[in-house]
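The values are calculated or read from the model by the stated rules, or taken from the named source; none is laboratory data. Note that the structure is predicted; figures quoted are calculated from it, not measured. Positions of Cβ are generated from backbone atoms using ideal geometry, with glycine treated the same way; all protein chains shown enter the neighbour counts.
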């Protein structure tokens with residue numbers, strides 16, 4: 001039971017990282033990312049491929065983060081001058097393309113079988129319990145550092161410019177802000193955090209496959225952020241914790257619905273998550289910890 | 001097996017055939033964008049809904065292709081009106097991003113409703129099988145020609161409706177200038193219902209036509225989502241003639257890509273097309289605005 005809770009904590013931490021990354025781009029800068037699963041995948045695959053060929057784990061994680069950040073910068077560069085909906089289309093297209101490459105380029109990614117045996121830090125030297133605890137600590141530190149960094153960015157002039165962009169791009173431009181550059185930076189940093197989360201995930205589970213990066217992952221994180229409060233870093237972390245509780249809690253509902261097949265039960269869960277997002281957007285658009293301007 | 005230059009005429013023909021079918025859901029997407037001003041990702045699940053409705057009519061009821069295609073259109077249209085009314089319409093005032101995100105959640109929800117009822121198994125339509133016809137060196141399947149005929153009919157009927165009927169003109173007026181249309185007494189709510197019915201109906205018809213070639217499952221719609229968006233963006237989001245041109249362009253490009261790319265990367269062509277068009281000509285081939 002305790003090891004289950006530790007594993008849940010690691011998952012919650014990885015979700016919290018993703019929610020923090022998305023909060024920077026969407027919450028602060030108003031740039032929607034519907035393909036965040038793709039950036040997560042880039043981070044995971046980059047480090048998996050590198051560390052399998054002998055690179056050190058921290059190097060692989062750094063490379064994964066950087067690769068996702070570069071991909072984010074590219075996507076932002078193409079859509080920065082366009083209406084927000086083009087970013088939605090391009091990010092979704094990006095994640096589907098990443099999934100296609102991951103599923104079909106067998107020489108690179110081993111296709112839909114995925115990559116197994118990704119090294120974890122001291123995995124061989126520790127008991128499974130010890131490894132889980134160590135990883136919980138690593139993810140905890142990553143979340144804390146990212147949270148503090150995001151808080152710092154949010155309070156800094158950089159964060160204020162991003163919120164100005166979100167509220168009225170033209171006004172920010174008239175005030176002499178280089179809109180394109182700020183958007184690019186925000187999206188690169190946000191995507192980088194998603195890549196970091198993906199890289200940590202890969203080293204934790206030792207296995208990645210295209211299925212993990214399905215659009216539902218994007219909906220999960222958007223739900224976490226909306227529940228917690230878009231624009232609020234604390235809300236992002238709290239929302240991720242709540243989401244993991246719901247996701248894990250519903251697993252135990254299976255025996256209560258014996259008339260559903262495994263396939264139908266999985267469909268019910270996806271239905272529940274997407275339905276919850278729609279309901280919360282409607283009844284609680286500010287989330288449980290709404291953004292406080294000027295705080 | 002890579003295609004060679006000698007295959008180009010056949011590839012062009014295949015591309016036009018698949019592009020014509022792709023145009024149907026792309027028109028749906030772009031019509032909603034023109035009137036309601038947001039990219040509605042729920043076209044994916046409505047294509048799936050149409051494919052399954054057509055499947056029920058064709059396989060369970062034993063109807064032939066054309067009546068089954070009508071059922072696909074009507075069922076997806078009705079689901080489209082209902083889902084928009086209940087789910088998306090109340091969220092639209094909250095802004096573009098909220099409506100867009102909600103449409104993604106909606107599409108996953110509807111797709112899973114279909115999965116709940118039908119499971120993930122692949123299903124086939126019950127259609128007579130014909131030998132391909134040959135003209136010179138070119139091959140054409142009679143089924144493809146029938147798909148093409150249905151697609152062309154749908155497009156012609158739609159253009160006639162938009163050009164010659166009062167409601168069609170009202171729809172174009174709202175797309176062109178909602179405020180002016182309101183001043184002239186056009187009911188924007190009614191037009192929203194109408195555009196959802198037509199657009200999601202077309203998505204459903206398109207889903208069925210796409211499924212005729214292969215098999216259908218709950219992901220049928222999502223799998224073509226990228227190509228549908230590519231068609232609409234290449235043609236210019238919000239332009240219905242643009243969606244037709246864009247769909248043909250994407251269809252042909254996907255086929256010609258076989259000359260240089262392995263077949264499993266074909267679907268990437270849509271994404272590359274989106275990136276190219278947004279970089280070089282964001283408003284698309286026939287679109288008016290992208291800003």
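Filter the stretch B:147-159 for residues that are in contact with a helix residue (DSSP H, G or I) (Cβ under 8 Å, 6 or more places away or on another chain) and loosely packed, with under 15 Cβ neighbours inside 10 Å and give the result.
Answer for the stretch B:147-159, where residues must be in contact with a helix residue (DSSP H, G or I) (Cβ under 8 Å, 6 or more places away or on another chain) and loosely packed, with under 15 Cβ neighbours inside 10 Å: just B:152.
Please specify each residue of the stretch B:238-290 satisfying the condition of being within 10 Å of another protein chain (Cβ to nearest Cβ) and either touching a strand residue (DSSP E or B) at 6+ places or on another chain (Cβ under 7 Å) or within 17 Å of residue B:10 (Cα to Cα) (or both).
Answer for the stretch B:238-290, where residues must be within 10 Å of another protein chain (Cβ to nearest Cβ) and either touching a strand residue (DSSP E or B) at 6+ places or on another chain (Cβ under 7 Å) or within 17 Å of residue B:10 (Cα to Cα) (or both): B:263, B:266.
Yes/no matrix, rows are residues, columns are (1) closer than 25 Å to residue B:224 by Cα; (2) at pLDDT below 95; (3) away from every other protein chain (no Cβ under 14 Å); (4) within 18 Å of the chain's Cα centre (by Cα):
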position: A:44; (1), (2), (3), (4): no, no, yes, yes
position: A:52; (1), (2), (3), (4): no, yes, yes, no
position: A:72; (1), (2), (3), (4): yes, no, yes, yes
position: A:75; (1), (2), (3), (4): yes, yes, no, yes
position: A:79; (1), (2), (3), (4): yes, yes, no, no
position: A:82; (1), (2), (3), (4): yes, yes, no, no
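Of all residues in the stretch A:164-188, which are touching a helix residue (DSSP H, G or I) at 6+ places or on another chain (Cβ under 6 Å) and in contact (Cβ under 8 Å) with a residue 40 or more places away in the chain?
Matches in the stretch A:164-188: A:165, A:179, A:182, A:183, A:184, A:186, A:187, A:188.
Name the residues in the stretch A:246-262 that are at the interface with chain B (Cβ under 9 Å from one of its Cβ atoms) and surrounded by 15 or more Cβ atoms within 10 Å (Cβ to Cβ), would you? First the steps, then the outcome.
Residues of the stretch A:246-262 at the interface with chain B (Cβ under 9 Å from one of its Cβ atoms): A:260-261.
Answer for the stretch A:246-262, where residues must be at the interface with chain B (Cβ under 9 Å from one of its Cβ atoms) and surrounded by 15 or more Cβ atoms within 10 Å (Cβ to Cβ): just A:260.
Taking the stretch B:102-132, which residues are away from chain A (no Cβ under 14 Å), modelled with pLDDT of 90 or more and assigned to a loop (DSSP other than H, G, I, E, B)? Don't jump to the end; show me each part of the working.
Going residue by residue through the stretch B:102-132, those that are away from chain A (no Cβ under 14 Å) are B:123-132.
If we keep only those that are modelled with pLDDT of 90 or more as well, we get B:123-125.
Scanning the stretch B:102-132 gives B:124, B:125.
Condition first: surrounded by fewer than 24 Cβ atoms within 10 Å (Cβ to Cβ) and within 14 Å of chain A (Cβ to nearest Cβ). Now tell me which residues in the stretch B:205-237 satisfy that.
Correct list: B:217, B:219, B:222, B:223.
Looking only at the stretch B:86-101, how many residues end up being closer than 11 Å to residue A:278 by Cα, at the interface with chain A (Cβ under 7 Å from one of its Cβ atoms) and buried (at least 17 other Cβ atoms within 10 Å of the Cβ)? Don't jump to the end; show me each part of the working.
First pass over the stretch B:86-101, keeping only residues closer than 11 Å to residue A:278 by Cα: B:86-88, B:90-91, B:98-99, B:101.
So of that shortlist, the ones also at the interface with chain A (Cβ under 7 Å from one of its Cβ atoms) come out as B:87, B:90-91, B:98, B:101.
Still in the running and buried (at least 17 other Cβ atoms within 10 Å of the Cβ): B:87, B:91, B:98, B:101.
Within the stretch B:86-101, residues that are closer than 11 Å to residue A:278 by Cα, at the interface with chain A (Cβ under 7 Å from one of its Cβ atoms) and buried (at least 17 other Cβ atoms within 10 Å of the Cβ) number 4.
Just one of (1) touching a residue at least 24 places away in the same chain (Cβ under 8 Å); (2) more than 19 Å from the chain's Cα centre (by Cα); (3) surrounded by fewer than 17 Cβ atoms within 10 Å (Cβ to Cβ); (4) under 18 Å from residue A:16 (Cα atoms) trips up residue A:152, so point out which.
Only one criterion in (1) touching a residue at least 24 places away in the same chain (Cβ under 8 Å); (2) more than 19 Å from the chain's Cα centre (by Cα); (3) surrounded by fewer than 17 Cβ atoms within 10 Å (Cβ to Cβ); (4) under 18 Å from residue A:16 (Cα atoms) is unmet by residue A:152, namely (1).
Between residues in the stretch A:25-37 that are more than 10 Å from chain B (Cβ to nearest Cβ) and residues that are outside any loop (DSSP other than H, G, I, E, B) and surrounded by fewer than 24 Cβ atoms within 10 Å (Cβ to Cβ), which pairs lie under 7 Å by C-beta distance while being six or more apart or on different chains?
A:28/A:154; A:28/A:159; A:28/A:163; A:28/A:166; A:29/A:165; A:29/A:166; A:37/A:217
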